[in-house]
Structure formats: C-alpha cells, structure tokens
Amino acid sequence: MKASPAFSAVAGWYSDGVLARADLTPGTRVVYRSCLRVLQRHWPGLANIRIGTIRPGDCRRWFTRRQAMVGPNRLKTELAILKGVFDYAVEEGFLTENPAASLLTDAIEHHTVEIPTRIELNRLLRRLVARGLVDLRDMVELLACSGMTRAEASGLIWDDVSFTKNIFRVRDARGVCRTVPLFPNMRRLLERIAARRNPLGHGEPVLRFQHGAHGLRTACKKSGLSQVTYRGLRNFFALEALKQNVSYPMIAAWLGHKDGGVQIARLHAEIWETPDDQQCAARLTYEPDPIAM
C-alpha cells in the first residue's frame, strides 16, 4: 500500500479528477465540492489526518454529530462524497477498504419540516420586536413573505428591488438570477425598512441580520416558542400560495425550483394528507393578513 497522504490532499485529487470528469451539471459539481469543504470544516482536524489512519468508528462519530446538524438530503449528499473520497483512495492504493462503507443512507431519519401557522408566525414576530431583535424580525418576515432561502435573502440588495416595476431579483447559490413579483406583504415590509433606514446606499443589503440558523434557534428558545427554521419559513410562503390556489409551476418558478412544481406538489400532499387532523385544523385561522405587525 502506498504512503498515506492527508485527507485534504486526497480530497483535492478527488475533486480535480473524479468530480471534474464526472457527467454533472455545473450546479451539482459546485454542491459536491462544497460538501468536501464542509466535511473538513465540521470534522475536527480531518484535513490534516492521514487518510490511512481513519477508522470506521471515526466515520460513525462524524455521522452521528452531523445527523443532528443537517437535514436528511444534505447528510446523504455529504455521506456519498465522503464515501467517494475513500473509494478513490482505495483505487489509488492509499487504503485497503472504505472506512465509511458500513454507513448506510437507510439509517438517515427523515424529519418533517415544521411549518409555522399564521398565529405562530405572528407571535414570533411580536416576541422578536419586544426583545429588541428588529433586524432578526425583518429577516424572519422577509423569508415568510418572499419564499427566499436565508442565503438569497442575505444577498438581496436594494438595487435588486424595483418598487416602480413591482419586482425584485434573486440570485441563488449558483449565481443564477431570477425575477419575482414584489408580493404585497413583502412590499409593505420593504417600505417599512426603507423608511426606517432612509437614505439607502448603493449596493446596501436589505437585511442587516446576517447570522445563521443558530441566531433564530436562540431567539425562539429565549422567546419560549417552538422551533421555527428558515426552511419552515420558506415552506410557509409556499403553503400560503397554495391556499390562494396559485399553480404548482408558478410557485416553483418563484422559489427557483427547476422541477416544474414537483416539490411543491409533494409539500401539498404532506400537509393536506397528513393523518393528524389537529395539525390541519390549527391552520384554519382565517386571518386576512398572514403577517401582522
């Protein structure tokens, strides 16, 4: 067996060789390479560990920690990339066997993303204002009334918003730009933010709160509320659109999905075909405005 290089070196060769030659879309290749960086960031010391010294127990400990941090789809992708690096190391003679081979995707639990009701969202917004977390309130409300991801909302600048044309531009993780209508609740929110921060500088971000999911979890915990996630807020927007009979393809286009509405249809089925009738009943709030001050 060859001398054992550091994991970071093998990961680099895997990225420049296997991923570069693979028949992947540019966006998928970006995601896979991002997973390589995330693996080395969330596995303490992994980058400098000799790949031949990594044992199955090390992989299981990473898997357990990571399962508590990310969703099932992301974990499956990261696990596939980790196994891919080890398989490459086996082929190149740096390993005799893949130490992550025993980790199965079937062991990854799927958790339903909790979508806040209108009442829960309004309560959270009021609690955030009461605690003086106005910038975080702006982010929560913007996600709920725009359907953007946290990264998309964090990258939104005032130059992307046109009040005269009633549209705004969104750039996704791949840098692809889409134009979306300026929804009524979103327009009112942006007008309030603009009035509070006038004048607005060129290139200035709409949101000042740029923290990750930890900031929202902490705010929910201190406010005594059930956990609200950024993904849950995005799905809240989709659910509100479904209630107004907006078509699956239209919602998908707004959210930047490329599947023509398949994910939205699945969301619709998960919410409205759930056996938990109390969950369904809790959504019948009949409030005219889903976002309250």
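Assorted remarks:
Per-residue answers, yes or no, for (1) over 30 Å from residue 230 (Cα atoms); (2) not in a loop (DSSP other than H, G, I, E, B):
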| site | (1), (2) |
| --- | --- |
| 41 | no, yes |
| 59 | no, yes |
| 70 | no, no |
| 87 | yes, yes |
| 93 | yes, no |
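- Residue check, residue 174 assigned to a loop (DSSP other than H, G, I, E, B), surrounded by fewer than 20 Cβ atoms within 10 Å (Cβ to Cβ), among the basic types (Lys, Arg) and touching a residue at least 12 places away in the same chain (Cβ under 8 Å): yes
- Restricting region 51-67 to residues that are of a type in the set (Lys, Arg) and surrounded by 14 or more Cβ atoms within 10 Å (Cβ to Cβ) leaves a set whose member that is modelled with the highest pLDDT is 60.
- Test result for residue 11, at pLDDT 90 or above and either buried (at least 17 other Cβ atoms within 10 Å of the Cβ) or not in a helix (DSSP H, G or I) (or both): yes
- Of note, residue 100 satisfies the criterion of being in contact (Cβ under 8 Å) with a residue 40 or more places away in the chain, part of a loop (DSSP other than H, G, I, E, B), buried (at least 19 other Cβ atoms within 10 Å of the Cβ) and over 23 Å from the mean Cα position of the chain (by Cα).
- Test: residue in region 140-147 that is at pLDDT 90 or above, assigned to a helix (DSSP H, G or I) and of a type in the set (Asp, Glu): yes
- Residue within region 123-136 that is under 16 Å from the mean Cα position of the chain (by Cα), part of a helix (DSSP H, G or I), under 18 Å from residue 206 (Cα atoms) and touching a residue at least 40 places away in the same chain (Cβ under 8 Å) present: no
- Failed condition for residue 47, given (1) small (Gly, Ala, Ser); (2) out of contact with any helix residue (DSSP H, G or I) (no Cβ under 6 Å at 6 or more places or on another chain); (3) modelled with pLDDT of 90 or more: (2)
The values are calculated or read from the model by the stated rules, or taken from the named source; none is laboratory data. Bear in mind that the values here come from a model prediction, so they are computed numbers and not experimental data. Every residue, glycine among them, receives a Cβ derived from its backbone with ideal geometry; neighbour counts consider all protein chains shown.
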